[in-house]
Structure formats: structure tokens, C-alpha cells
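Scroll down for the structure; my scribbles are underneath it.
Quick note: the coordinates plus some simple rules give every number you see, no bench work behind them. All figures in this text were calculated on a predicted structure; none of them were measured in a lab. We place every Cβ from the backbone using ideal geometry, glycine too, and count neighbours over all the protein chains shown.
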Amino acid sequence: MAKPRYLTKSRFKLALECETKLFYTGKKEYANQKMGDSFLEALAEGGYQVGELAKCYYPGGHDITTLDYEDAERQTNELLKQDNVIIFEPAISFNNLFIRVDVLVKNGNNFELIEVKAKSFDKNIEDPFHNKNGTLKSTWRPYLYDVAFQKHVLSQAFPDSTIASYLMMADKNAECPTDGLNQKFRIVRDESNRKGVKVSNTLTVDDLKDRVLTKISVDHCVSQIYEGTAEKDKSDETFIALIERLATKYEVDEKLESTIGSKCRSCEFKCNDGESKSGYEECWSKALGWTKEDFKESTVLDVWNFRKKDKLIAEGVIKISDLNEDDISPKDDAKPGVSASQRQWLQVEMEQSGTTTPYIDYDGLSYEMSTWKYPLHFIDFETTAMAIPFNKGRKPYEGIAFQFSHHIVHKDGAVEHAGQYLNTEVGIFPNYDFVRELRSQLDNDNGTIFRYAPHENTYLNMIYRQLQSDESDIEDREELCQFIKSITKSVGSSSEKWDGDRCMVDLWDIVKRHYYAPHTKGSNSIKAVLPAILQSSDYLQKKYAQVNYGTSDGIPSLNFKGWQWLQIKDGQIADPYSLLPKLFEDVSVHDLELLSSDDELKNGGAALTAYARMQFSEMSDYERKALEQGLLKYCELDTFAMVLIYEGWREILKAHKAKEAA
Ligand code: SF4
């Protein structure tokens with residue numbers, strides 16, 4: 001018998017992003033670039049551990065573990081015969097709607113519906129869910145609509161009951177009551193490869209005494225959603241009518257057409273693996289009458305950091321070849337190099353003219369480089385944030401800095417992989433050791449330090465605050481704080497203001513202001529800039545087409561031996577990242593990067609997943625060692641990529657000066 005086509009809460013959430021996705025979801029014939037391995041996804045998000053901890057706050061609760069819809073409903077109905085009962089994952093259906101509630105508490109005719117989220121919540125913020133105009137904040141929208149959906153289904157299934165709805169989340173200000181709490185929730189796979197959490201039998205009453213999760217009533221927000229006052233643009237369709245329409249269309253598998261727009265850029269059905277159908281191509285062909293050929297051209301979706309995408313798409317200006325200067329309106333911002341809008345126009349112009357040579361602001365870049373002091377240091381951090389803290393007194397989602405890599409370029413041009421740090425020891429809060437090691441590697445001279453993007457500055461600021469507020473005895477607290485202040489600038493939220501005299505230089509900012517390579521297609525991520533600089537620099541191509549990395553007479557490396565960075569694959573220069581071994585079998589680094597919903601962490605999705613795996617899953621010493629070696633290599637390439645950008649620029653400027661002098 002065919003499975004009933006229920007509108008579940010995850011399908012409803014998908015339809016809120018775009019109704020057309022309901023048609024593509026779950027169909028094997030459509031390529032879907034969302035992560036296939038939910039075990040790794042669970043590790044990256046920490047959601048399963050939070051869910052399991054929430055259950056521990058409700059002793060005596062009954063867990064319904066079967067995935068079979070009918071079986072789960074049968075078990076739920078049996079339990080609900082009791083007057084007072086707590087059920088985890090009960091299955092409730094009403095017509096063509098179906099939900100599994102995280103925690104359901106039944107007291108007679110009253111229900112508590114609790115949705116558990118691996119998200120941090122600050123109780124000190126007054127009215128965190130609303131904008132000033134009384135509408136719901138977009139960051140909370142998916143969670144609140146999810147609860148509203150569940151409350152609707154529950155109220156239809158039990159019309160005579162009252163329902164109070166809650167979100168349960170990590171309390172940002174709560175202090176962990178004991179040491180090692182997070183180690184008591186290990187992620188495991190069962191025989192059928194399904195993920196689950198194994199709760200240690202050493203979990204004590206003390207572990208649960210001061211709660212790191214907090215339960216927040218959201219009934220007022222849910223009422224607003226039902227009343228239609230949650231959004232600025234009031235819809236003619238009520239929330240209930242929306243659910244009914246989506247459920248009816250999903251049940252009969254009828255496609256709902258949506259307006260194409262900027263949302264399509266990150267659509268999981270955008271990919272085209274050449275074999276499966278592309279949902280994106282179907283949507284865009286239908287809307288624009290496009291053929292296969294049209295999809296070969298870049299569109300306004302590809303213009304870097306561009307806010308007018310929806311407006312232009314609505315006006316029928318779709319391809320980059322259709323854009324004119326007025327569409328972008330490039331404006332000078334009176335700062336060195338190109339402004340954001342000038343850079344957008346540069347991208348468009350270069351694409352339209354077929355230019356492949358990078359744009360370089362010779363004067364601006366020359367000036368920047370003249371301010372740098374040798375030896376140059378290139379650093380990159382790998383970090384994560386744990387929902388359940390490692391140690392007593394630590395707070396949920398405090399940042400963990402577990403790895404860095406460090407390359408040096410000397411004045412004579414010599415390059416070395418000078419240092420690294422990796423702490424994957426289970427249950428250890430590594431941040432202070434991390435800074436101690438960083439300090440010992442950087443404090444030997446006064447050379448310029450480079451980072452790529454604000455992440456390193458943000459994390460050092462956070463460790464500074466941790467050091468300042470930590471009540472334990474830290475002998476070198478003052479020295480560590482002074483060191484952090486010397487190489488960072490204070491972040492906007494900091495009450496104390498500083499700008500270190502050896503403040504790290506952000507290479508990412510310099511890329512954005514002084515360099516644009518058409519090969520990057522508008523992306524400034526180091527993973528896009530690295531192949532672009534390799535493609536365009538004769539110097540780099542010549543130097544790194546040799547086995548000179550990790551050799552006694554070449555570039556010293558802590559993790560590579562006799563390595564050649566420039567390799568040709570299928571007649572093209574291979575992306576250096578593609579040459580590294582996979583961190584996880586059958587999962588590409590690209591897919592791992594998609595795991596994190598946090599933009600700042602996106603570039604480290606693979607590393608944080610590997611770290612979480614070492615912390616929370618069973619693994620042999622051999623596997624652990626292999627994963628550590630993989631992590632060390634990836635991080636080393638992250639800082640070596642910065643060295644290559646520097647070397648590429650240095651040689652381009654040298655050649656330019658020589659040409660000018662001739
Ligand atoms: S391509 Fe656009 S319209 Fe089509 S499903 Fe994706 S987001 Fe929706």
C-alpha cells in the first residue's frame with residue numbers, strides 16, 4: 001500500500017521557504033544538494049544531544065522511537081489513554097497532516113507542546129521574538145511557524161483540550177552545573193545506520209540540577225500567526241487556509257508554482273549533476289522560457305553582495321549580459337580601492353567583455369604591502385560552539401577554538417609552515433591553551449599577522465571575555481589578555497575599546513578592495529580566490545609545479561612530505577583543496593561546508609564536524625589519528641592559501657613596476 005502523503009512539520013517548513021520545493025522534495029529523480037548524511041549533520045548541529053538532554057528533564061517520559069507512522073500513532077494513542085502522561089516524539093495526525101512532537105505533556109485535558117531547538121536564547125533580551133513594529137523577527141520565524149503548525153494539528157486532533165506551546169532552547173546565560181556533561185550524550189549509529197544518542201548511565205541528579213536548557217512560552221507569537229499579524233505584508237490567506245492548501249496539493253502531488261527570485265540562489269534543487277533532473281532549471285524554464293543554452297550564462301544571482309536581484313528579476317533583467325551601469329549604479333565611497341558597488345560593476349563588465357585577467361589596483365595594493373613588516377605571519381582558526389558545555393561554570397554555545405595553523409614568509413621570500421595547534425582531547429576546554437600556543441608562536445618578533453575574514457578577531461575577543469570573567473585561578477590571565485589586545489581590535493559589542501598596535505590585517509578586506517579575478521565568479525571565499533590566483537600567476541605555476549613542499553630543500557611543512565601543489569587534472573589546474581584526502585568517506589568537503597547554517601562557520605564546516613565526531617562518537621584510535629591528520633592538512637592549506645595569494649600579488653606588482661620602469 002502506498003504511504004499516505006502527509007504534510008509533516010519539515011515539509012511545511014520547506015514550503016514556507018518556497019512552495020514549489022514541496023513538489024521536488026523526496027523524489028529521487030531530482031538532484032538535491034542538501035546533506036545526505038544526517039549522522040554528520042546531527043554532529044555538526046548538536047541538535048540530537050540537546051533533544052536528549054531535554055528528555056532527561058522529564059523523568060518518566062515515554063519515548064516513541066519507531067519511524068513507522070501507523071505504529072507510532074498506535075503507541076501514542078495507547079499512551080494518551082492515561083490522564084497524565086509525558087511522551088517524547090508522539091505521532092499525531094489529523095486528515096492529511098502529521099506531526100511528531102518533541103515533548104508532549106498531558107495533564108487531563110491540558111497539553112504542553114514543547115519544541116526543542118539547538119539554538120541559544122538570551123533571557124535578558126526583552127521581547128526577543130518581535131521587531132519594533134510588532135511583527136515577528138525573521139530569525140525566529142521558522143521556529144515559531146513550526147510550533148504554530150504543530151499546535152494546529154494537535155488542536156484539531158484533540159478539539160476539547162487546551163494547548164500551551166513552548167520552545168525549549170539552550171539558555172545563553174545558564175552555567176553548566178557539572179564537569180563533563182556533554183560527554184554524557186554520545187552520538188551513535190544503530191544496526192540500521194540510524195543515528196541516536198546514547199545517554200551515559202553516569203548521568204546524575206546534579207547534572208540536571210541547574211538547567212542549561214530553558215522553556216519559553218510562545219503562545220503569544222503563535223496567536224499572532226493565526227491572527228495574521230505576524231508579518232508586515234498581511235496575506236489574504238489565513239494560516240489555517242495556507243496549511244490546508246499546502247496539504248491538499250502535497251497529497252495529490254501537484255506542483256505549486258512560485259515566483260522565481262533571489263531565494264533560488266541557495267535553493268537545494270539548484271544543482272545539476274548531469275544525470276538527475278534540476279528543479280531550478282524546471283522553475284526557471286517555466287518562468288522565462290529558457291533552454292539548456294540559457295543556463296550556461298551567469299545571472300544577477302551571481303553578482304556579488306547584490307541587493308537588487310529581486311527587483312531586476314521582476315523587471316525581466318536576468319542575465320549578467322542584460323545588465324547596464326544604471327542597474328548597478330557604482331559609487332565611490334572615498335576609501336582606498338573599489339567600493340562594493342564598483343566591485344559589482346567590475347564583475348559585470350569583466351563578464352560581459354569576456355576578460356579573464358584579474359583586476360588589480362596596483363597603487364592601492366602597493367601601498368598596503370608597503371605597510372607590512374617582515375616576517376609575515378598567516379594564521380587561520382578552526383572553531384566550534386557546543387550546545388552542552390564541557391565544564392562546570394561554562395555556558396551553552398560558548399565558542400571553542402580547537403585548532404590553528406601558522407605559516408611564515410620571511411623577508412628573503414622563504415616560506416615555512418611554522419606552527420600549528422590541535423586539541424581534540426575529549427571533554428577538554430581548549431581555549432586558553434590555544435591562546436598560550438598562539439602567543440608563543442607569534443611573540444618572537446613584531447611581524448605583520450594576517451587573517452582571512454573577521455573570524456579570528458571575533459574569536460580572540462570572545463576568549464578575552466572568557467578570560468576576564470573566569471573566576472578560576474589562571475596564572476597568566478593578564479599576559480594572555482594583553483597579548484589578545486595587542487593583535488586584535490575590540491568588537492562592536494565590547495564595552496572596552498581597543499585597537500592593538502599589532503592588529504591582524506584582514507587579507508579578505510584587501511582582496512575586496514584591491515583585487516578581482518573573474519575566475520572567482522564574484523566569490524571572495526579563500527576557496528574561490530586560491531584557484532583563481534593559481535590560474536593567473538605564471539610565477540606560482542612555475543614554482544609549485546615542482547615537488548617542493550615538505551622537502552628538505554624546499555618549504556618545510558609539519559604535515560606534508562614531498563608534495564606538489566600544482567597538479568593538472570583533465571587538462572586543468574586542479575583546485576589544491578581537491579587534492580587532499582576526504583575527511584569522511586563518501587562526503588565531500590563541499591557538502592560538509594553546507595552543514596553549518598552560521599555564515600561565519602561555513603568555511604569550517606568540515607573541521608567542526610570532524611571535531612564533534614571525535615568528541616561525541618565512538619571511534620578507534622586509528623580512525624582518530626587519520627581524522628586528526630586530515631584536519632591538520634586542511635588547516636595548513638588554509639594558511640598556505642594566504643601565502644600563495646601574497647606571493648602571487650608580490651610577483652604581479654614586481655612585474656608591473658619593472659614594466660613601468662622600462
Ligand atoms: S528554484 Fe526557486 S522557485 Fe524553484 S523551488 Fe527553488 S527556490 Fe523555489
Completion exercise
Ranked output for segments 489-496, 454-461 by mean other Cβ atoms within 10 Å, highest leading, reads 454-461, 489-496
Practice task
Please tell me which of these pairs span more than 24 angstrom C-alpha to C-alpha: Lys28/Lys270; Lys13/Lys249; Lys249/Lys292; Lys123/Lys489; Lys34/Lys277?
Solution key: Lys249/Lys292; Lys123/Lys489
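Between Ala662 and Glu315, take the C-beta separation as r, use R0 = 45 Å, and let me know the FRET efficiency to the nearest 0.05. Provide the component values of the computation, followed by the final result.
Working: r = 49 Å, r/R0 = 1.08.
The formula returns an efficiency of 0.40 here.
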Fill in the blank from the handout: Filtered hits (lysines, Cα-Cα < 23 Å from Lys331, offset >= 8 within chain) -> Lys308, Lys309, Lys311, Lys319, Lys512, Lys521
Exercise for the section: Using only Cα positions of region 366-506, each an equal point scatterer, no hydration layer, compute I(q)/I(0) via Debye at q = 0.15 Å⁻¹ and quote the log10 values to two decimals. Expected result: -0.76
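If you place +1 on the Cβ of every Lys and Arg and -1 on the Cβ of every Asp and Glu, how big does the dipole about the Cα centre of region 204-337 come out, in debye to the nearest 20? Please list the in-between numbers first.
On the way: 22 positive and 31 negative charges, 56 e Å.
Computed about the Cα centre, the dipole is about 260 debye.
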Practice task
Step through the residues of region 243-254 one at a time and calculate ³J(HN,Hα) from phi using the Karplus curve (6.51 cos²θ - 1.76 cosθ + 1.60, θ = phi - 60°), rounding each to whole Hz and writing x for Gly and Pro.
Solution key: 4, 5, 5, 4, 5, 5, 5, 5, 4, 9, 6, 9
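Which pairs, out of Lys373/Lys542; Lys561/Lys657; Lys232/Lys335, put more than 29 Å between their alpha-carbon atoms?
Values: Lys373/Lys542 26 Å; Lys561/Lys657 36 Å; Lys232/Lys335 36 Å.
Flagged as over cut-off: Lys561/Lys657; Lys232/Lys335.
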Practice task
Compute the long axis of helix 69-79 from its Cα atoms, compare it with the longest principal axis of the Cα atoms of the chain, and write down the angle in degrees, 0 to 90, nearest 10.
Solution key: 50 degrees
Handout entry: Too-long pairs where the Cα-Cα distance tops 32 Å, listed order kept, from Lys132/Lys286; Lys172/Lys198; Lys215/Lys392
Key = Lys132/Lys286
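Please work out the FRET efficiency for the pair Leu580 and Glu623, using the Cβ-Cβ distance as r and a Förster radius of 25 Å; give the result to the nearest 0.05.
It comes out at approximately 0.90.
So if I place +1 on the C-beta of Lys and Arg and -1 on the C-beta of Asp and Glu, and nothing else carries charge, what would the dipole magnitude of the chain be about its Cα centre? I want it in debye, nearest 20. The partial results should precede the final answer.
Values: 83 positive and 107 negative charges, 95 e Å.
Result for the chain is approximately 460 debye, rounded to the nearest 20.
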Fill in the blank from the handout: Sorting Ile243, Leu346, Gly60 by the position of each Cα along the dipole of the chain (Lys, Arg +1; Asp, Glu -1; all at Cβ), the one nearest the positive end of that ordering is Leu346
Exercise for the section: Treating the Cα atoms of region 75-137 as identical point scatterers in vacuum, please give the log10 of the normalised Debye intensity I(q)/I(0) at q = 0.29 Å⁻¹, two decimals. Expected result: -1.22
Problem - Equivalent ellipsoid, the chain (semi-axes from 5 times Cα gyration tensor eigenvalues, Å) - result: 45, 33, 24
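Sort 550-558, 462-470 by packing, meaning the average of other beta carbons within 10 Å per residue, with the highest value first. Spell out each step's value before the answer.
On the way: 550-558: 14.4, 462-470: 16.8.
Answer by packing, highest mean first, reads 462-470, 550-558.
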Handout entry: Nonlocal amide H pairs with Ile555, under 5 Å, H built at 1.01 Å
Key = Tyr549, Gly550
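Hey, got the dipole for region 366-506? About the Cα centre, +1 on K and R Cβ, -1 on D and E Cβ, debye to the nearest 20?
Values: 14 positive and 23 negative charges, 74 e Å.
Dipole of region 366-506, to the nearest 20 debye: 360 debye.
Run through every distinct alpha carbon pair of region 270-360 and return the Kirkwood hydrodynamic radius in angstroms, one decimal place. Don't jump to the answer; show the numbers that get you there.
Numbers: mean 1/r = 0.0682 Å⁻¹.
Result for region 270-360 stands at 14.7 Å.
Hey, can you rank 245-257, 376-388, 214-226 by average C-beta count inside 10 Å, highest first?
Working: 245-257: 15.2, 376-388: 24.0, 214-226: 17.9.
In descending order of packing, they fall as 376-388, 214-226, 245-257.
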